[in-house]
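J.: Here it is: the structure, laid out below.
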Amino acid sequence: MHIYSKVWRRLLLCLPVIIIFCVYMIYPICNTIYTSFTRQIMLRPGWWVGFENYITLFKDEVFWRALKNTAIITIGTLVLQLPLAYLIGSFMNRPYKNGVFKTVTFMPYILSGIMAGLIWSFLLDSGFGLFNNILISFGAEGIEWIGGKTLTPYSATLVCVWQSVGYHSVLFLAGFKTMPKNLLEAANIDGANALQRTFYVTIPSIKETIKVSATAILIGGINHYQQTLMLTGGGPVHYSETLSTYAYYTQFTVFNFGYGAAMATIILILALGLSIAFLKLTTKKGDTA
Amino acid sequence: MKRNSKLSTIIALILAMLMLLIFVGCQQSQAPSTDDDANGDEPITLVYQTTSADDVITKVFAEYQKTHQNVSLDVQVVDTDNFNTKVMSQISTNTLPDFFWWNASNSVGNFGTGALLDLSSYIDEKNFVEGTFTSSKTSNGELTLFPAEMQIQGFLINTRLFKELGLDIPETYDDLIKAAKVFRDNGKFLFGNGAADTWDTWGWYFWLELNGYLDEIDEIYVDGTKKPSESKLAETMYKFAELREAGAFSDSASTVTYEIAKTSLLAENCGIITTSTDWLAGILDSEQAINGDFQYWFGVTFPDSNADQNVCVKTCGNGYCVSADIEQAKLDAILDFFDYFYSQEGCDIALQQGMVLPVEGYESSVEVTPLVESIVSLTTDNSRTPIATVGSLTLAAVDGNTDIWIDNALAVDNMICGLIAGTITKDEIPDYMANYDAVVAKMISDYHNIVGE
C-alpha cells in the first residue's frame, strides 16, 4: 500500500478521532470490565477475584432494589414521555403561533439534572415541600413523595418527564415536519377519522423518530442518576437507589472500586443489550435500523 | 490530482502529529514542577489544596507570611463533593499538590500507595492531646497527616428553649422521651438531625458507647463469640425506634441533611442536634451562641449500663497530608509553617476561625464566645476518658485492613439513619441485625483467611 494511497489518507484523517475514541471510550470500558474482576479498595493494588464481585452483587438486596427502581423510572418515563411528547409535538405543529409554548416546554431541558432535582426537592419534600403544604392547608394528610420506602422512584420519573418532555416534543415536531402532507390529505379524502389517521398514517410515518426518542429514553432511564441524587441521595437506607446512584456510592463513598466496576459493567450490558433488543424488535426486515 | 492527494496526505500527517503533541503536552503538564531551588530567601511557592478558600490554613498562613515573605501559598480549592475523587486521581497520576487537607481514614487507607509522606519523624506526639493520632496513624506507626482540629462528638443543646418549654436538661433516656412529647405538643421536635446525610451520626455513636457497646468490641469483631444482634448495639437500636415513635425526630427526617438540622436549631424548631465540634460553622457566631443559650452537651447517661459514663469521644479525623514527592526546600518550609501553626499565636488565629487545635496545654489568649471557650476546655480536659470512634476501633480489630472492613463500615450508620427516618421500624430491627451479623461474620472469616489462622 503506497504512502499516498487513499486508504492511508483516510486512516490518517481518522486517526485523531480513533485516538480520542480509544483513550476516552475503549480504554475506560475495558479497564472497568477488568476492575470488576478484582477486589480493589481505595487505591491499593487490587487482586484477581474472578466472578466474586458479580456473585456478591446478585446476592445484594440493595442491588435488586436499585434495579427495580431503575426499571420503574425507565418504564415510567417511556410510558409517560412518548405519548406526552407526541401530543405536545403535534400541538407545536399547529399552524398558529406558539413560540412561547415551545420555549416554556423546552426550557426545563436546558437545566442540568442536578438543578431539576433541587427545584423538585423543594416541591416534593414531605416537611417543607410545597405540595404537602398545600395538601395540609386543605386539611389532608401529607404524603411522603420522596424519602419514604416506595414513592421516590415514581417522583423521580415525574421529574425526568418534566425535564425531558420538551426535548422529545421537538424531536416529534421534526418528525411531523418531514411527513409528506399528501398522505394525510389522501387519508382525509378516503374518510379516515382522527384516530385512524394517527395510527395508520402519522405514527408509521414518524416511526424512526419514535425509535430514536424511545432509545434515548431507555438509555437515559438506565443511566438515571442526577435527579435521584438531588431528591434523596439514594436514601434512606438505600431505599431509593438506582443502579447509577448505587454504583457511585460504592465507588466514591465506600471506595470499593471492584464492586462498583461490576455494577457499572451490568449497567453497560443492560443499556447496550436493551437498546439493541429494542431496535431489533422494532425494525422489520428490509428496514434500515 | 496527484498534487491534491499529496497535499491532503500532508494535512492528515500534520493533524496526526498535532494530536500526538497534544497528548504528549498533557503528559508533560502533569509532571511535578521543579522550579524551586529554595534556600535561605529564595522564593518558595507551596501548593495547598483544600475545600474552602477561607480555610484556617490560609488565615494562619497570612500571618506567617508577614515574617516569611519569601514563602507564598498557592491555594487550590476543590468542592467538598469531589474532593476525595480529585485526591484519588492525583494519587493515581502522581500529581498531588505539596500539601492538602484530607480525612484521616482516607489518608490511612491510601498510605500504602506511597504517595503520602510519613510524618512520624517530623511530629512529636507528646506535644498533642492524647488520642490525636488514633485515626491518622497506620498499623505500622506511620503518621499520615499534621492534625487539624480535635473533634469532640456530642450534642448542641438550646438551654433557653428547654427553659421556655418548662423542661430541665434531660439526664436519662426516659427524660428524653418525655421531652420529645413536650416539644411535639409545642409544634417543635426534639432532635434536628435526619437521615439524608449518613455521616452525621456522632452523638448516636456516643450513645452506643455509653450503653456498653465498646466493651463488647473484641467479642463481636475479633473473637466472633458474640453476635451484634445479641449485643448492646441491638439494644440501642430499639431505643432509636422508641424515640422515633415518641416523635423525637422530624416527620420528614428522611430528607433532612446536616445543614437543614443546623438551620432548624438556629430557627429554634428543634432543641438539640448531634454534632461534632468541627462542624459548627454558622453556629459559633450566632445570636444564641453569643448569648450563651447554646451549650455543648454530652447527652444523657445510661444508668443501667456497666460502661463508664464519664467518657468523651475525642478524635482528630482530619489533617494536612504532604506529598511524598515533595522537594526538600518545600518540605522545610512546610515544617516551619506547621511549627508556627501549632504555636500559641497560630492556635489563637485558628481559634478565631472556630478551630480548636489539639495542642497539649493550649490556653486561649483571645476573646471568644462561651461556646467556643467550652470547646477549648473540653479539648484539653483530661478528666473524661477519651475514646476513639466505633469506626476506628472496629478497624483496629482487623489490624487496619480496610479491604475487609469496608462492608461493615457504613452498615451501622445506615441502620441508625433508617430508624431515625422511620424507614426501619421496630419490628424490622431483628432482620437488619441478622444481616449485620452476617456482614461481621464474613469480615472475621476474611481476616482469619488473610492472617492464616
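J.: So between B:N306 and B:I290, what do we pick up on full extension, going 0.36 nm a residue minus the alpha carbon distance?
T.: 2.0 nm
J.: Another question, then. Could you tell me the relative contact order of chain A? Use alpha-carbon pairs under 8 Å, at least six residues apart, and round to a whole percent.
T.: 29 percent
J.: With 10 angstrom as the radius, rank A:E241, B:E149, A:E208 by how many other C-beta atoms surround their C-beta, starting from the fewest.
T.: Lowest count first: A:E208, B:E149, A:E241.
J.: Now for a separate question. Which residues does a label at B:D399 reach in the stretch B:415-453, if reach means a backbone N under 19 Å from a point 7 Å past the Cα toward the Cβ?
T.: Those under the cut-off are B:441-453.
J.: Give the angle, between 0 and 90 degrees and rounded to the nearest 10, that separates the Cα long axis of helix B:411-421 from the longest principal axis of the Cα atoms of chain B.
T.: Computed tilt is about 60 degrees.
J.: Which of A:A174, A:A214, A:A262 moves most in a GNM of chain A, Cα contacts under 10 Å?
T.: A:A174
J.: Indicate the helices, whole DSSP H runs only, in chain A that combine a mean Kyte-Doolittle hydropathy of -0.5 or more with a Cα extent along their long axis of 18 angstrom or more.
T.: A:6-21, A:61-92, A:152-177, A:207-222, A:257-282
J.: Further question: Using a basic spin-label model with each label point 7 Å from the Cα along Cα→Cβ, how many nm lie between B:Y122 and B:V182?
T.: Rounded to a tenth, the inter-label distance reads 5.3 nm.
J.: Relative to the compact globular guide of 2.2 N^0.38 Å, what is the alpha carbon radius of gyration of the stretch A:1-82, as a ratio?
T.: Rounded to two decimals, the normalised Rg is 1.80.
J.: Shifting gears a bit: Output needed for the stretch A:36-193: three equivalent-ellipsoid semi-axes, defined as square roots of 5 times the C-alpha gyration tensor eigenvalues, in descending order, whole Å.
T.: Semi-axis lengths for the stretch A:36-193 are 40, 26, 16 Å.
J.: To continue, here is another question. With the cut-off at 26 Å, tell me which of the pairs B:K232/B:K262; A:K181/A:K207; B:K188/B:K262; A:K6/A:K207; A:K102/A:K207 have Cα atoms farther apart than that.
T.: In this structure, B:K232/B:K262; A:K6/A:K207 lie more than 26 Å apart at Cα.
J.: Which whole-number percentage describes the relative contact order of chain B, with Cα contacts under 8 Å and a sequence gap of 6 or more?
T.: 24 percent
J.: Gain in length, B:Q353 to B:K163, computed as 0.36 nm per residue apart minus the alpha-carbon separation, to one decimal in nm?
T.: 65.4 nm
J.: Continuing with this model, one more query. Counting every Cα pair in the stretch A:196-268, what percent are over 15 Å apart?
T.: The share of Cα pairs beyond 15 Å in the stretch A:196-268 comes to 64 percent.
J.: OK, next. With the alpha-carbon atoms as the only input, what is the per residue convex hull volume for the stretch B:60-181 in Å³?
T.: 221 Å³
J.: Pop out the ³J(HN,Hα) list for the stretch B:303-308 in order, Karplus 6.51 cos²θ - 1.76 cosθ + 1.60 with θ = phi - 60°, rounded to Hz; leave Gly and Pro as x.
T.: x, 6, 7, 7, 6, 4
J.: With N set to the number of residues, divide the alpha-carbon radius of gyration of chain A by 2.2 N^0.38 Å and report two decimals.
T.: 1.23
J.: With only alpha-carbon pairs counted, each pair once and no self-pairs, how large is the Kirkwood hydrodynamic radius of the stretch B:252-363 in angstroms?
T.: Kirkwood radius, the stretch B:252-363: 17.7 Å.
J.: Now a separate question. Of the peptides B:53-59, B:256-262, how do they stack up when ordered by the mean number of other Cβ atoms within 10 Å, highest first?
T.: The packing order, highest mean first, is B:256-262, B:53-59.
J.: Report, largest value first, the span of the C-alpha coordinates of the stretch B:118-265 along each principal axis, in whole Å.
T.: Per principal axis, max minus min of the Cα coordinates gives 58, 38, 29 Å.
J.: Now a separate question. Could I have the simple spin-label model distance between A:S275 and A:I110, label points 7 Å from Cα toward Cβ, reported in nm to one decimal?
T.: Here the modelled spin labels are 2.8 nm apart.
J.: Could you give the nm distance between label points at A:R10 and A:N188, where each point is 7 Å from its Cα heading toward the beta carbon?
T.: 4.7 nm
J.: Output the 0 to 90 degree angle, nearest 10, between the alpha-carbon long axis of helix B:2-29 and the longest principal axis computed from the alpha carbons of chain B.
T.: The two axes meet at around 50 degrees.
J.: May I pose another question? Set the Förster radius R0 to 56 Å, insert the Cβ-Cβ distance between B:K66 and A:Y27 as r into 1/(1 + (r/R0)^6), and round the FRET efficiency to 0.05.
T.: For R0 = 56 Å, the calculated efficiency reads 0.70.
J.: By how many degrees, 0 to 90 and rounded to 10, does the Cα axis of helix B:328-341 deviate from the longest principal axis of chain B?
T.: Roughly 30 degrees, rounded to the nearest 10.
J.: Distances longer than 42 Å among the Cα atoms of chain B: what percent of all pairs is that?
T.: Distances greater than 42 Å cover 24 percent of the Cα pairs.
J.: Dimensions of the stretch B:126-170 along principal axes (Cα, Å, largest first)?
T.: Here the spans come out as 53, 19, 15 Å, largest first.
J.: Let me ask another. Using only the alpha carbon atoms of the protein assembly as shown, find the Kirkwood hydrodynamic radius as the inverse mean reciprocal pair distance, in angstroms to one decimal.
T.: Over the protein assembly as shown, the inverse of the mean reciprocal pair distance is 29.5 Å.
J.: Which three lengths, in whole Å and largest first, does the stretch A:161-289 cover when its Cα atoms are put on their principal axes?
T.: Dimensions of the stretch A:161-289 along the principal axes of its Cα atoms: 66, 33, 20 Å.
J.: If neighbour count is taken as other Cβ atoms inside 10 Å, put B:V440, B:V75 in order from fewest to most.
T.: Taking fewest neighbouring Cβ atoms as first place, the list is B:V75, B:V440.
Rule-based calculations on the coordinates, nothing more; no lab input. Because the structure is predicted, anything quoted here is derived from the model rather than measured. Don't worry about glycine lacking a Cβ; one is built from the backbone with ideal geometry, like all the others, and counts go over all protein chains shown.
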